[in-house]
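Here, each number is a calculation from the coordinates, and none is a lab measurement. Every value quoted in this text rests on a predicted model; they were computed, and no experiment measured them. Neighbour counts are summed over all protein chains in view; Cβ atoms, including those assigned to glycine, are modelled from backbone coordinates with ideal geometry.
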2 protein chains.
Amino acid sequence: MNRTNPIGIFDSGIGGLTVVKSILRLMPNENIVYFGDTARVPYGSKSNETVIEYSLQAANFLLRKNIKLLVVACNTASAVALKDLKKFLTIPVIGMIEPGAKMAIQESRNGIVGVIGTRATISNRAYANELKKISPRTKVYERACPLFVPLAEEGWLDHKVTEMIAKEYLKELKEKNIDSLILGCTHYPILQDIIQKVIGKNVKLIDSGTPAAHLVEDYLNGRQLRNQSVHQGISEFYVSDVPAKFREIAERFLGRKIIHLHKVELEELTNE
Amino acid sequence: MNRTNPIGIFDSGIGGLTVVKSILRLMPNENIVYFGDTARVPYGSKSNETVIEYSLQAANFLLRKNIKLLVVACNTASAVALKDLKKFLTIPVIGMIEPGAKMAIQESRNGIVGVIGTRATISNRAYANELKKISPRTKVYERACPLFVPLAEEGWLDHKVTEMIAKEYLKELKEKNIDSLILGCTHYPILQDIIQKVIGKNVKLIDSGTPAAHLVEDYLNGRQLRNQSVHQGISEFYVSDVPAKFREIAERFLGRKIIHLHKVELEELTNE
């Protein structure tokens, strides 16, 4: 494996671009290949079996781009498919669950942690299991928030309705006296202002993207795989569907122009 | 073609079961084969190109079940892919747009019609074009309501938040003095109580499912293809993903037990 090979990142859609942003902030000279499965998004409401199938297809697509490490930016895919990905891939695979859970444990003083995510992430209890593994006495309270993704995509970031929905979803977590809250879906950081307002300013919000980027750096350093280039790396973006406004939304997410954007035909994913 | 061959119905997910219900109420002795593309749902936020590809795959799958007529129960697929489906298929193809538009024209007294639907349905202007074709002097006002589907799936049918969102979405249509409103998405009839309350009781809500079922009956009668059996027909259901709670939601939608439920592998759809 070569140090100049790209880091592969995949997500069910475009939410994973927030993870790309964290990685590029930390390691701007790394090359990136991103795959967003926009033709089949969302994963969070689908069965484990389907999420695993789609995740393996995404990984195989990125392997053909000679990636040196795979980041599973989608929390649902991390919760459901990480074990299978690690089994089939020989390169390192980093998901969102472990770094997010570690950071929550570090940040929590009272040992009471909240987790919000898609139905699939919450019903698989991936964060809860990881939190208990790291620190068995942690108290964990979880809540699926299925309307947060459509609200983020609708752009209702400071809308009264979004606040009311957040109040309903977070009511129980608030009553349980959590002091840190894992934003267990790459879309949720977009709504963090309202989430913070509703849950209270004393609760620390944990976005797995930042600790995941640090974990990627540690892995690459530990294996002598960090790119040594002094130039800014190249980022390439592949999506299985390019709906109208895609580029606009992606550029807003990433905060920079997207130059290399390609559509992947589904046949490329399903026929290996 | 044999009279006993089944009617094929497809939808992006399970919303189309409301159309199955209308058809079975009218023609209980017909055999039905339903395909719901639950592994790739929703269609309403995806590109035209992808919606056309998925629709042709669904149609080909149902053709292999020897269907005598195809009903496109998904409004997005009807709006985007009907022309292509009619081009490639030799059996009759019935979408939601034409019957819904016809019924709205019949029901409207002031000639001012509202249409709500997914982003794809509204941006393709399928209902507006059909309404103008039938009655050029009709005034048409349209609004995409992307949060209605997740709200219906969350089951928040009489929730204060749903009412607030409906008020925001329907505000402009209400000001335009519409007297009939096309529910241009198979999920929306589930929210009809709140929609009716918000838009006002003098506005007639048009659900394309019922007129589409009548159009199916006319087509079959006109081509001597109505099943003559005196027994209740058999309904078979195929889905590309079976998430937890699928059967429960589907049985609530349809108001009857689902006996023949099968999972279709994506390879069956993509490799023809």
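The table for this structure:
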| read-out | value |
| --- | --- |
| Test: residue in region A:241-253 that is more than 12 Å from chain B (Cβ to nearest Cβ) and in contact (Cβ under 8 Å) with a residue 60 or more places away in the chain | yes |
| Subset of region A:12-62 [farther than 22 Å from A:Ile258 by Cα, of a type in the set (Val, Ile, Thr) and in contact (Cβ under 8 Å) with a residue 12 or more places away in the chain] | A:Val51, A:Ile52 |
| Given (1) without any contact (Cβ under 8 Å) to a residue 60 or more places away in the chain; (2) assigned to a helix (DSSP H, G or I); (3) farther than 25 Å from A:Phe246 by Cα, index of the condition B:Val80 fails | (3) |
| Qualifying residue in region A:54-61 (condition: within 14 Å of chain B (Cβ to nearest Cβ) and surrounded by fewer than 24 Cβ atoms within 10 Å (Cβ to Cβ)) | yes |
| Exclusive hit being small (Gly, Ala, Ser), more than 14 Å from chain B (Cβ to nearest Cβ) and surrounded by fewer than 23 Cβ atoms within 10 Å (Cβ to Cβ), set A:Ser22, A:Ser47, A:Ser78 | A:Ser22 |
| Residues of region B:146-183 satisfying the condition of being more than 19 Å from B:Ala104 (Cα to Cα) and either touching a strand residue (DSSP E or B) at 6+ places or on another chain (Cβ under 7 Å) or among the β-branched types (Val, Ile, Thr) (or both) | B:Val149, B:Val161, B:Thr162, B:Ile165, B:Tyr169 |
| Members of region B:154-195 that are at the interface with chain A (Cβ under 10 Å from one of its Cβ atoms) and either surrounded by 22 or more Cβ atoms within 10 Å (Cβ to Cβ) or more than 14 Å from A:Ile165 (Cβ to Cβ) (or both) | B:Thr162, B:Ile165, B:Lys167 |
| A:Gly8, sole failed condition from (1) buried (at least 23 other Cβ atoms within 10 Å of the Cβ); (2) more than 12 Å from the chain's Cα centre (by Cα); (3) within 14 Å of chain B (Cβ to nearest Cβ) | (3) |
| Scan of region B:241-272 for residues that are more than 15 Å from B:Val33 (Cβ to Cβ) and outside any helix (DSSP H, G or I), ordered by number | B:Asp241, B:Val242, B:Pro243, B:Ala244, B:Lys245, B:Gly255, B:Arg256, B:Lys257, B:Glu265, B:Asn271, B:Glu272 |
| Count of region A:83-108 residues which are under 16 Å from A:Ile23 (Cα atoms), in a helix (DSSP H, G or I) and without any contact (Cβ under 8 Å) to a residue 40 or more places away in the chain | 0 |
| Some residue of region A:49-66 being touching a helix residue (DSSP H, G or I) at 6+ places or on another chain (Cβ under 9 Å), outside any helix (DSSP H, G or I) and closer than 24 Å to A:Leu183 by Cα | no |
| Failed criterion for B:Ile112 (all others in (1) among the aliphatic types (A, V, I, L, M); (2) within 14 Å of chain A (Cβ to nearest Cβ); (3) over 20 Å from the mean Cα position of the chain (by Cα) hold) | (2) |
| Top-ranked residue of region A:187-223 - restricted to ones that are charged (D, E, K, R) and under 26 Å from A:Tyr43 (Cβ atoms), ranked as farthest from the chain's Cα centre (by Cα) | A:Asp193 |
| Failed item, numbered, when B:Val230 is tested on (1) in contact (Cβ under 8 Å) with a residue 40 or more places away in the chain; (2) part of a helix (DSSP H, G or I) | (2) |
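Quick grid of which residues meet (1) more than 14 Å from every other protein chain (Cβ to nearest Cβ); (2) under 26 Å from B:Asp179 (Cα atoms); (3) in contact with a helix residue (DSSP H, G or I) (Cβ under 7 Å, 6 or more places away or on another chain):
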site: B:Val41; (1), (2), (3): no, no, no
site: B:Cys74; (1), (2), (3): yes, yes, no
site: B:Ile91; (1), (2), (3): yes, no, no
site: B:Gly117; (1), (2), (3): yes, yes, yes
site: B:Ser123; (1), (2), (3): no, yes, no
